[in-house]
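**Q** Here you go, one structure.
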Amino acid sequence: MRAAVITKPGDPDVFAVQDIEDPTYGPEEVLVAVQATALNRADLLQRRGSYPGPPGTRDDLPGLEMAGIVEAVGTHVIGWKPGDRVMALLAGGGYASKIAVHERMLMPVPASLDFEQAASIPEVFLTAYDALFRQCELRAGESVLIHAAGSGVGTAGIQMAAAASCRVFGTAGSADKLERAAELGLDVGINYREQDFAEVVAERTARRGVDVLLDVIGAPYWAQNLASLAVQGRMVIVGTMGGAKVEGMNIGPLMQKRLRVHGTVLRARPLEQKAQLTQEFAARMLPLFDQQVLVPVVDRVFALDEVAEAHRYMESNANFGKIVLRVEG
Ligand SMILES: NC(=O)c1ccc[n+]([C@@H]2O[C@H](COP(=O)([O-])OP(=O)(O)OC[C@H]3O[C@@H](n4cnc5c(N)ncnc54)[C@H](OP(=O)(O)O)[C@@H]3O)[C@@H](O)[C@H]2O)c1
C-alpha cells in the first residue's frame with residue numbers, strides 16, 4: 001500500500017510517500033481501502049518526534065482518522081461487508097491507502113457526504129462530543145465557551161452545542177474566523193487579539209459566567225478560564241496549544257465556585273471506551289449530518305503526495321476547520 005511515512009523527526013519535508021506492506025486484519029477487524037484522511041494537531045507533534053503513539057501503532061505513520069470503502073472483513077465481523085462506505089477514529093496509521101480497524105470503531109458515512117467530508121468528522125466531532133456532552137454534561141439552555149472557534153475541534157463543538165440549543169461563546173484570532181464560526185452557530189464571537197475574553201463573558205452574561213468551557217489553549221488561559229465559569233461550572237481541557245505549565249496558579253476559584261475541571265485525551269484510551277463513544281455518537285449525532293444540522297467543515301484538500309504542504313498549512317494557523325488528505329486506494 002501507499003503511505004506517507006515520517007523518515008526522521010523534523011520539519012514537514014521529512015515525509016516520503018512510499019510503498020509499504022499491507023496491514024493484516026484479525027477476526028474482529030475490517031480492512032478498509034482509505035479514500036481520505038485528515039490532519040490533526042497531534043500529527044505535527046508526532047512528525048517532530050514528540051508524540052509517540054500507543055502500543056500497536058507505528059511512530060512513523062501518523063493519521064488519526066479516515067474514510068474509505070470496506071475491502072475485506074475478518075471471520076467474526078457481522079456488521080460490515082465489502083463495498084460499505086465507512087469512517088473511523090484511529091490510534092494511528094491513517095496516512096495510508098489501507099488500514100485494519102476493529103468493527104466496533106467503524107461508523108457508516110452519511111449518505112449525503114463524500115469521503116473527504118467524512119474523513120474530517122471522526123477525530124474532532126468525537127473529541128468535542130465527548131468533552132461537551134459526556135464529560136461536562138452540557139444541557140440544552142446552558143451557555144458554553146469554546147476556544148479556537150476556527151479549529152477543527154472548535155468548529156465541531158460550536159455546531160453540536162448550537163444544535164443542543166446552548167448559547168455559544170467562542171474565541172479566535174481573526175474577524176474572518178469569527179464570522180465563519182457565526183454561520184455554524186456561534187452566538188458571541190471574541191477576538192482574543194483585541195479583547196479580554198473573560199471580560200466579554202462577564203459583560204454578556206450579566207457577570208454570571210458560562211456553564212461549560214472547552215479549552216485547547218491551556219496555561220495562558222487558566223486564570224481567565226476560571227474567571228469565565230459560572231458557579232458549578234465545568235471545564236474540559238482538550239489541548240495545551242499555548243503551554244501546559246501554569247505559574248503561580250490560584251486554585252481558590254475551584255473551591256469558591258465549586259468548579260469541575262476535566263482533562264482528556266482520546267488516542268490513549270482503551271479500545272472499548274473509544275468503541276462505546278463511537279457507538280453513542282453514531283446513534284445521537286450522525287443523523288444530523290444528513291439533515292444538514294451538522295456539517296463537516298473542510299478547509300482545504302491536499303493529495304497524499306502534498307502532505308508536507310498540508311502540514312505547513314496547518315502550522316500557519318490559517319485553516320478554518322479541517323485539512324484533508326485525498327488518499328485514493
Ligand atoms: N484531547 C484529545 O483527544 C484531542 C483530540 C483532538 C484535538 N485535540 C487538541 O485540540 C486542539 C485543537 O486541535 P485542532 O486539530 O482542532 O486544531 P487546528 O484545526 O489546527 O486549529 C488550531 C487553531 O487554534 C488557534 N491557536 C493555535 N495556537 C494558539 C495559541 N497558542 N493561542 C490561541 N489560539 C491558538 C489558531 O487559530 P486562531 O487564528 O484563532 O489563533 C489555530 O488555527 C489541539 O491542541 C489538539 O491537540 C485534542
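Nothing in this text is a laboratory measurement; each read-out follows from the coordinates by a stated rule. What you are looking at is a predicted structure, and each value in this text was computed from that prediction instead of being measured. Every residue, glycine among them, receives a Cβ derived from its backbone with ideal geometry; neighbour counts consider all protein chains shown.
**Q** Which net charge results for the neighbourhood of residue 52, defined as the other residues with beta-carbon distances under 15 angstrom from its beta-carbon, given Lys and Arg at +1 and Asp and Glu at -1? Don't skip to the answer; put the middle values down first.
**A** Numbers: positive: 8, 47, 48, 58, 267; negative: 43, 59, 60.
Once positives and negatives cancel, what remains is +2.
**Q** A further question on this structure: Pick from 97, 50, 228: which is most flexible by mean-square fluctuation in a GNM of the chain where alpha carbon atoms under 10 Å apart are linked?
**A** Evaluated over the chain, the most mobile residue of the options is 50.
**Q** Here is a further query. In terms of modelled amide H atoms, which long-range or inter-chain residues lie less than 5 Å from the amide H of residue 166?
**A** Correct list: 141.
**Q** Can you run phi through the Karplus equation (6.51, -1.76, 1.60; θ = phi - 60°) for segment 194-202 and list ³J(HN,Hα) in whole Hz, with x for Gly and Pro?
**A** For segment 194-202, the Karplus-derived couplings read 10, 10, 7, 5, 5, 5, 5, 4, 4 Hz, x marking Gly and Pro.
**Q** So, one more: Based on the alpha-carbon gyration tensor of segment 127-263, what equivalent-ellipsoid semi-axes (square roots of 5 times the eigenvalues) come out, in whole Å, largest first?
**A** Details: eigenvalues 80, 54, 42 Å².
Result for segment 127-263: semi-axes of 20, 16, 15 Å.
**Q** Next up: ³J(HN,Hα) across segment 233-242 via Karplus (A = 6.51, B = -1.76, C = 1.60, θ = phi - 60°), whole Hz, x for Gly/Pro?
**A** With the stated coefficients, segment 233-242 comes to x, 10, 10, 10, 9, 10, x, 10, 4, x Hz.
**Q** Next question, about the same structure. Taking amide H atoms as placed 1.01 Å from N in the peptide plane, list the residues 5 or more away in sequence, or in a different chain, whose amide H sits under 5 Å from that of residue 297.
**A** 322
**Q** Further question on the same structure: Could you tell me how far the Cα centroid of segment 2-26 sits from the Cα centroid of segment 197-270, in Å?
**A** 37 Å
**Q** Pop a pseudo-label 7 angstrom from the Cα along the beta-carbon direction at both residue 271 and residue 258 and give the gap in nm to one decimal.
**A** Inter-label distance under the simple model: 4.2 nm.
**Q** Can you list the residues, at least 5 places off or on another chain, whose amide H is less than 5 Å from the amide H of residue 113, using H built in the peptide plane?
**A** Under 5 Å from the amide H of residue 113 lies no amide H from a residue far enough along the sequence or on another chain.
**Q** Then there is this: Lysine pairs in the chain with Cα distance under 25 Å, only those 8 or more apart or on different chains: how many are there?
**A** Numbers: 8/98; 81/98; 81/274; 98/274; 98/322; 177/322; 245/257; 274/322.
Within the chain, the lysine pair count is 8.
**Q** Residue by residue, what Karplus-based ³J(HN,Hα) values in Hz, rounded to whole numbers, does segment 66-73 have, using 6.51, -1.76 and 1.60 with θ = phi - 60° and x for Gly and Pro?
**A** These are the phi-based 3J(HN,Hα) values: 6, 9, x, 10, 5, 9, 7, 10 Hz.
**Q** Shifting gears a bit: Per-residue ellipticity at 222 nm for the chain, helices alone: DSSP H runs ≥ 4 residues times -39500 (n - 2.57), over residue total, nearest 500 deg cm²/dmol? Spell out each step's value before the answer.
**A** Working: 11 runs with 89 residues, N = 329.
-7500 deg cm²/dmol, from helical runs alone.
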